[in-house]
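See structure below.
The values are calculated or read from the model by the stated rules, or taken from the named source; none is laboratory data. Not measured: the values here are computed from a predicted model. Methodologically, a virtual Cβ is constructed for each residue, glycine included, from the backbone with ideal geometry; neighbour enumeration extends over all protein chains shown. Accessible surface areas use protein heavy atoms only, side chains included; no ligands, DNA or RNA. Shrake-Rupley method; radii C 1.70, N 1.55, O 1.52, S 1.80 Å.
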Amino acid sequence: YEKCAALTFTAYSTTTLFTIQLRGEGELQGLKAGKVEIDLPASDACTPAVNLSGLPIVIEAQPRFERVISLLCADQKKVPGVNICFSNDSLGCKIEKITTTAGKFEFPNCTIYEDFLSKAAKTDEPRCGLSTLDIVFLRRHILNIDSFTEPYKYLAGDANLNGAVTTADIILFNKQILGIADLSTPWRFVPSNHIFSSPNPLLNIPDSLYVDDMAAGSTFDAVKVGDINCNCNPGSGNTITTVGELDLEIQDGGLDLINNGHIVKITVTSGFTGISALQFAVGAPSDDWEYRSYSAQQLPYIGADNFHNTKEGGLDQVRMAWHHEGGDSTSLSSGQSLFNLIFAYDGSGTADLTAFVLDTTFLKAVAYTSSGLPIKVNLTYDSGLRVSNPQNPGAAATLVESVSPRIRVVPNPLQGNGNLEITAVIDGPADWWIEDMHGRRMAQGQTALVSGVNRLELPAAASNWPAGVYWVSLRTDGQTASTRFVKQ
């Protein structure tokens, strides 16, 4: 048995006594048959050998020294593929563990390791949960329209790790969305026993955890940098739950003599009220087309930073990521030209725009309403033919049409009074309730939801609840949602 842990010994006789010999640690004698749980003393190598005599005995390991890493914003979302390094000096890892698909890892809980420090790191899935909607939330925070109240949002918004959320972070997130440059630190890990400072929770955040603190119950909480609305599902990308569709159209805009190229107009085919963010990628139909530039039309706050030209499969692709820089929204009218893309055509024969594609391999085609609800973006030709939208679940996101609600408590951690924040995609009645970790129901109620974000004030008694972890749940139209929050 290769780790210091409690063992359960089960003997098949009810009369015979037996002895357990521990290598270098003496004997445990006179044990009667039945189930006996024993904490094995640590040996120097932390690998005690067990020799059994007298009876056939079943040895069953008890997983005491195991921890789980979850998202700080959603305890039910476990994080796989996290590397945990244990060391007592600066010369590198003495022990390494990697979290499983369930976010679990084992740690060496032995006396000789109690002064070891552990650190967690993860570099894959840099785009998980990140979209132009998150940049809208950042804008609203920076402009004091809707300031952050939860520590994880501050951590998720600090892309350059300078201890503040600024427009410099927005630039880095925009580059990540467009595929120009990956974030230097796509994930952050905070010891679960850390108490965030106020009013700036980004101050003095530790990045390591002693093994003896881990033995006392602490672990790491994960933050996906850039994912302000906690949309990432680690290990499986992020699922964007759409609630409608926005049709854009490719139109022939004629020739652009200045850039010596063909104008591809991106036009709204039907009006839509309150768009805060938009992202998609347009792929050239063949290597006869070469992207030259863009020209702004009626979509506000658009510039060169909203576009990135790259190659996919040897063909030109133009990625577009836009958000309302005022933290607000804009209404799109039927027939409105959002912007133009200029491509040079070097092929023989007449240029045919009907072969342009909406490429979702890297960047999912989605818009967001002013209330944060996602809208699927479709691309059509002026003939009315819709372009196929290939889906790649392993890429940026998976689009799913659903009506699942979301619920949370703000602020989190809760120190005094707070609010329930429920995001609904359809109108309808809902039941909500709050339970402590022992399943005791602390509060409950009913409400009539409207599409968008609904806010309900928590009962006044919540300010007097004992400190600890609580679960808030919602049920509406046969669907449920739940998440945890902390009361300080």
### Query
Any idea how many residues of segment 257-288 are polar (S, T, N, Q), within 30 Å of PHE137 (Cα to Cα) and not in a strand (DSSP E or B)?
2
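Table: residues versus (1) part of a loop (DSSP other than H, G, I, E, B); (2) surrounded by 13 or more Cβ atoms within 10 Å (Cβ to Cβ).
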{"site": "ILE422", "(1), (2)": "no, yes"}
{"site": "ILE434", "(1), (2)": "no, yes"}
{"site": "HIS438", "(1), (2)": "yes, no"}
{"site": "PRO466", "(1), (2)": "yes, no"}
{"site": "VAL469", "(1), (2)": "no, no"}
{"site": "THR483", "(1), (2)": "no, yes"}
### Query
Consider VAL211 against the criteria (1) open to solvent by less than 20 Å² (accessible area, probe 1.4 Å); (2) in contact with a helix residue (DSSP H, G or I) (Cβ under 7 Å, 6 or more places away or on another chain); (3) modelled with pLDDT of 95 or more: it satisfies all of them except one. Which criterion is unmet?
(3)
### Query
Does segment 72-99 hold any residues that are farther than 27 Å from ARG408 by Cβ and under 23 Å from the mean Cα position of the chain (by Cα), and which are they?
ASN83, ILE84, CYS85, LYS97, ILE98
### Query
If you take the residues of segment 127-154 that are aromatic (Phe, Trp, Tyr) and farther than 19 Å from SER370 by Cα, which of them is surrounded by the fewest Cβ atoms within 10 Å (Cβ to Cβ)?
TYR154
### Message
Taking the criterion of being of a type in the set (Asp, Glu), modelled with pLDDT under 90 and within 22 Å of LEU178 (Cβ to Cβ), would at least one residue in segment 342-361 satisfy it?
### Response
yes
### Task
State the number of residues belonging to segment 237-265 that are closer than 30 Å to PRO126 by Cα and at pLDDT 75 or above.
5
### Query
Among the residues of segment 211-256, which ones are closer than 23 Å to TYR152 by Cβ, part of a strand (DSSP E or B) and hydroxyl-bearing (Ser, Thr, Tyr)?
THR239, THR241
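Could you tell me which of the residues ASP75, ASP115, ASP124, ASP89 is open to solvent by 20 Å² or more (accessible area, probe 1.4 Å) and free of Cβ contacts under 8 Å to residues at least 24 places away in the same chain?
ASP89
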### Task
For residues that are farther than 20 Å from TYR381 by Cα and of a type in the set (Val, Ile, Thr), scanning just segment 287-336, find the one that is modelled with the lowest pLDDT.
THR330
### Those residues of segment 446-455 which are within 26 Å of the chain's Cα centre (by Cα) and open to solvent by 40 Å² or more (accessible area, probe 1.4 Å), in sequence order
VAL450, SER451, VAL453, ARG455
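Which residue, of SER208, SER198, is without any contact (Cβ under 8 Å) to a residue 24 or more places away in the chain and not basic (Lys, Arg)?
None of the others qualify; the one that does is SER198.
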### Query
List the pairs whose first member sits in segment 432-460 and is under 28 Å from SER370 (Cα atoms) and touching a residue at least 60 places away in the same chain (Cβ under 8 Å), whose second member is of a type outside the set (S, T, N, Q) and part of a strand (DSSP E or B), and whose Cβ atoms are under 9 Å apart, counting only residues at least 6 apart or on separate chains?
SER451/ALA424; GLY452/ALA424; VAL453/GLU421; VAL453/ILE422; VAL453/ALA424
### Query
Is segment 196-203 home to any residue that is part of a loop (DSSP other than H, G, I, E, B), aliphatic (A, V, I, L, M) and within 25 Å of ASP124 (Cα to Cα)?
yes
### Task
Please tell me if PHE343 is among the aromatic types (Phe, Trp, Tyr), in contact (Cβ under 8 Å) with a residue 12 or more places away in the chain and in a strand (DSSP E or B).
yes
## Note on the structure
(1) modelled with pLDDT of 95 or more; (2) in contact with a helix residue (DSSP H, G or I) (Cβ under 6 Å, 6 or more places away or on another chain); (3) farther than 18 Å from GLY327 by Cβ all hold for ILE170 apart from (3)
### Task
Exactly one condition in (1) under 20 Å from VAL243 (Cβ atoms); (2) open to solvent by 30 Å² or more (accessible area, probe 1.4 Å); (3) modelled with pLDDT of 60 or more; (4) part of a loop (DSSP other than H, G, I, E, B) is not met by PRO429; state its number.
(4)
### Task
Check TYR301, TYR294 and return the single one that is closer than 30 Å to ASP346 by Cβ and aromatic (Phe, Trp, Tyr).
TYR294
### Query
Is there any pair with a first residue in segment 282-295 that is at positive phi and open to solvent by 30 Å² or more (accessible area, probe 1.4 Å) and a second that is part of a strand (DSSP E or B) and at pLDDT below 90 whose Cβ atoms are under 9 Å apart and which are 6 or more apart or on different chains, and what are they?
none
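Return a yes/no flag: does segment 166-180 have any residue that is basic (Lys, Arg) and either over 27 Å from ILE375 (Cα atoms) or open to solvent by less than 20 Å² (accessible area, probe 1.4 Å) (or both). Before you say what the answer is, go through the steps one by one.
Within segment 166-180, the first condition is being basic (Lys, Arg), and the residues that meet it are 175.
Those still in the list that are either over 27 Å from ILE375 (Cα atoms) or open to solvent by less than 20 Å² (accessible area, probe 1.4 Å) (or both) too: none.
No.
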### Test for TYR113: is it more than 14 Å from the chain's Cα centre (by Cα) and among the aromatic types (Phe, Trp, Tyr)
yes
